[in-house]
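See structure below.
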Amino acid sequence: MRLTMWASELASECLSRPLPRRLTHVLGVRERLSQTKDLFSADEADLLAAAGLVHDIGYAERLAVTGLHALDGARYLREVEAPERLCALVAHHSAAYLEAGLRGLGDELAEWADERTPLRDALWWADMTTSPDGEVVTFEERAAEIQQRYGPDDVVSTFIQLARPELAGAVERTEARLRAAGIDYV
Ligand SMILES: [Fe+2]
């Protein structure tokens, strides 16, 4: 739990004052991820919980440089010497490479590799099934809410439409793994 505790402090330091709703979301994501802990080793569950907590820190104004929160978050984490795997998970969470392409930041994000593992799928699943208020929602509800919040002309709405198949894939694979392990995740 060492990394999780560190990430918890960092998330609240970055998000609590400027972006309390974002903090509520990441706490919900962390809670959601606790349902997956039996799918992973203790060290991996610690890493995954930490990733859930810090995946959105790049939204904090003081960290936002490029406007791509996944990239800004990963760069900050590297600066504070977070483990490389954690930086990469944050850089690539929830199909960020597609938004990077839309924003002309594909090369910058490609400094990190998307590990494409069950652990990374679980992070995407938790992010895509947790509302901005930290509640459990379906992937369809989450995608619809994002498009509504940003409006039809925003790059984020275009991104969500593009990313839908990949995001849904990560959600389906994670839920299949949870079912196979007999874990009730709803
Ligand atoms: Fe998120």
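Whenever a residue of the range 15-38 is within 12 Å of the ligand (Cβ to nearest atom), its partners that are part of a helix (DSSP H, G or I) and charged (D, E, K, R), lying with C-beta atoms within less than 8 angstrom and at least six residues away or across chains, give the pairs Leu15/Arg22; Val29/Asp127. Can you confirm whether the range 125-138 contains a residue that is farther than 19 Å from Ala11 by Cα and either basic (Lys, Arg) or more than 15 Å from the ligand (Cβ to nearest atom) (or both)? Within the range 125-138 (the criterion being farther than 19 Å from Ala11 by Cα and either basic (Lys, Arg) or more than 15 Å from the ligand (Cβ to nearest atom) (or both)), the answer is yes, since at least one residue qualifies.
Report whether or not Val65 is touching a helix residue (DSSP H, G or I) at 6+ places or on another chain (Cβ under 6 Å), among the aliphatic types (A, V, I, L, M) and either within 14 Å of the ligand (Cβ to nearest atom) or touching a residue at least 24 places away in the same chain (Cβ under 8 Å) (or both). Spelling it out, it is not the case that Val65 is touching a helix residue (DSSP H, G or I) at 6+ places or on another chain (Cβ under 6 Å), among the aliphatic types (A, V, I, L, M) and either within 14 Å of the ligand (Cβ to nearest atom) or touching a residue at least 24 places away in the same chain (Cβ under 8 Å) (or both).
Residue by residue, here is whether (1) under 19 Å from Ile160 (Cα atoms); (2) more than 16 Å from the ligand (Cβ to nearest atom); (3) modelled with pLDDT of 95 or more holds:
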{"site": "Ala45", "(1), (2), (3)": "no, yes, yes"}
{"site": "His55", "(1), (2), (3)": "yes, no, yes"}
{"site": "Tyr76", "(1), (2), (3)": "no, no, yes"}
{"site": "Leu86", "(1), (2), (3)": "no, no, yes"}
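Among the residues making up the range 71-92, those that are of a type outside the set (A, V, I, L, M, F, W, C) and open to solvent by 10 Å² or more (accessible area, probe 1.4 Å) are Arg75, Tyr76, Arg78, Glu79, Glu81, Pro83, Glu84, Arg85, His92. Of the listed requirements (1) modelled with pLDDT of 95 or more; (2) in contact with an Asp or Glu (Cβ under 7 Å, 6 or more places away or on another chain), Pro18 misses just one: (1).
Among residues of the range 170-186 that are among the charged types (D, E, K, R), those with a beta-carbon under 9 Å from a residue that is assigned to a helix (DSSP H, G or I) and open to solvent by 30 Å² or more (accessible area, probe 1.4 Å) at least six positions away or on a different chain give the pairs Arg173/Pro118; Arg177/Leu39; Arg177/Pro118. In the set (1) away from the ligand (no atom under 16 Å from the Cβ); (2) surrounded by 22 or more Cβ atoms within 10 Å (Cβ to Cβ), Ala95 fails one condition alone, (1).
The values are calculated or read from the model by the stated rules, or taken from the named source; none is laboratory data. Because the structure is a prediction, the values reported are computed rather than measured. Neighbour counts run over all protein chains shown; Cβ positions are idealised from the backbone, glycine included. Quick note on the areas: whole protein, heavy atoms, side chains included, nothing else; ligands and nucleic acids left out. Shrake-Rupley method; radii C 1.70, N 1.55, O 1.52, S 1.80 Å.
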